[in-house]
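Below: the structure, in structure tokens.
The values are calculated or read from the model by the stated rules, or taken from the named source; none is laboratory data. None of the values given here were measured: they were computed from a predicted structure. In this analysis, Cβ positions are derived from the backbone assuming ideal geometry, glycine residues included, and neighbour counts consider all displayed protein chains.
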Amino acid sequence: MGAAVDFDSVTLTRILAVCSEESGGPEETVHLIRQRQHSFAPTMYSAWEREGQPGPALAHAEHALALSRAAGHRRWQTNALNAVGWFQAQLGNYPQALTHCQQALTLQQQDDDREGQAATWDSLGYAHHHLDHHAQAVDCYRNALDVIRDLGDRYQEAITLTKLGDTHHAAGNPDVARATWQGALAILTDLDHPDAETVRGKLHTLDEP
């Protein structure tokens, strides 16, 4: 917790410095901070997420959502909706997570926000997986994969394949899980990414008696 607080303090100092440089004085600095606070808020919940603290991250995401709505900033609003849903899922509040993520996805589809859709489909897949809605989770992860492949993000493709394999495994389909994890491993090996070892471990469990 202490590290996250320190990170937030550094972030706030940088925000103040940037706004001070762009302003003509203290009053204008305050105005700039108020004007842009909806875009600063995601930095806060991202910091707490990196610290493994979904509770504080959720609080900041909810704050970001309120600010983005007040500012009328559609993209920040959809990102914050997905973030709220994601952190709800991290805390085990899966029905609430589905509600927020579905709201985000509806807006992202209206706006043709492909990157946002990929992230939100992933969040939906995670929530459905942990509710044992395996068929729905598979559909969500496959939708995420379609978008990610269009975007050409091979690392995220591998990560999503790994999660899809997890769902197939949980659903009692080890052969499908194996093929899916092998696809993820091939990409991670090609990228020389250390996450490949995690996927190798998953494949190894399938060979254990």
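Would you call Arg142 surrounded by fewer than 24 Cβ atoms within 10 Å (Cβ to Cβ), among the basic types (Lys, Arg) and within 15 Å of Leu161 (Cα to Cα)? Yes: the conditions hold for Arg142. Return the residues of the stretch 96-134 that are under 18 Å from Leu151 (Cα atoms) and not in a helix (DSSP H, G or I); say none if nothing qualifies. Result: Asp112, Asp113. Considering only residues that are farther than 15 Å from Leu124 by Cα and either modelled with pLDDT under 95 or not in a loop (DSSP other than H, G, I, E, B) (or both), which ones fall in the stretch 163-173? Matches in the stretch 163-173: Gly165, His168, His169, Ala170.
Residue pairs whose Cβ atoms lie under 9 Å apart, sitting 6 or more positions apart in sequence or on different chains, and linking a residue in the stretch 145-161 that is in the same structural domain as Arg114 (by TED's automatic domain parsing) and exposed (fewer than 14 other Cβ atoms within 10 Å of the Cβ) to a partner that is outside any loop (DSSP other than H, G, I, E, B) and aromatic (Phe, Trp, Tyr), do not occur here. The numbered conditions (1) crowded, with 19+ Cβ neighbours inside 10 Å; (2) over 30 Å from Asn93 (Cα atoms) are all true for His204 except (1).
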